[in-house]
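See below for the structure under consideration.
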Amino acid sequence: YEISTRDWSSDVCSSDLVTVIVSGSSSNSVVLSSISPTSGRVGTQVILLGNGFTSDNMVHFGIGGVQHAYSNNGTAIYFTVPSYLSPCDVTTSGVCSMLAQQVTSGTYPLYVTNQNGSTQTIYFTVTN
């Protein structure tokens, strides 16, 4: 590519040839393929299956979730449905004053983020 610049104070134009290198690929993406089970009570252990998981994942569940969820093989994460949720569960700013909300029956969005990106959302239904 050729990049042109202009110094407006002296009305001097210059151009340089530059090489643009695009890094990254779809192989570094993170994908959530399925969860098992897809419904259960508070305390249910859910297996998240996919690829691109790392040793430091964030599992988002409803308005909260859990930080530092570990995957030893890049394809599975184990997550336990919590009894309370708060945006503070997944904040990385260090300061959060949001109140926790009790998890009640209903459908909750679930997805994973890590250094590779963010997965699509799959829904988990909490039952009584």
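The values are calculated or read from the model by the stated rules, or taken from the named source; none is laboratory data. Note that this is a predicted model, so its numbers are computed, not measured. Cβ: placed from backbone, ideal geometry, glycine included. Neighbour counts: every protein chain shown. Heads up: the accessible areas ignore ligands, DNA and RNA and are worked out on the full protein's heavy atoms, side chains in. Shrake-Rupley method; radii C 1.70, N 1.55, O 1.52, S 1.80 Å.
Per residue, the range 59-103 exposes 58 Å² of solvent-accessible protein surface, assessed with a 1.4 angstrom probe and all protein chains in place. Shown in residue order for the range 86-95 are the 3J(HN,Hα) couplings computed by the Karplus curve 6.51 cos²θ - 1.76 cosθ + 1.60 at θ = phi - 60°: 8, x, 5, 4, 10, 7, 10, 7, x, 10 Hz (x for Gly and Pro). Based on the Kirkwood radius over alpha-carbon pairs, what value in µm²/s does the Stokes-Einstein equation return for the translational diffusion coefficient of the range 49-89 at 25 °C and 0.890 mPa s? It comes out at roughly 232 µm²/s. Within the shell of other residues whose beta carbon sits under 15 angstrom from the beta carbon of His68, the net charge comes to -2, with Lys and Arg scored +1 and Asp and Glu -1. Full extension of the segment from Thr125 to His68, taken as 0.36 nm per residue of separation minus the current Cα-Cα distance, would add 18.2 nm. Between amide H atoms placed 1.01 Å from N, distances below 5 Å from Val30 occur with Ser118, all of them 5 or more places distant or on a separate chain.
Taking amide H as placed 1.01 Å from N in the peptide plane, Thr44 has its amide H under 5 Å from the amide H of Val81, each at least 5 places away in sequence or on another chain.
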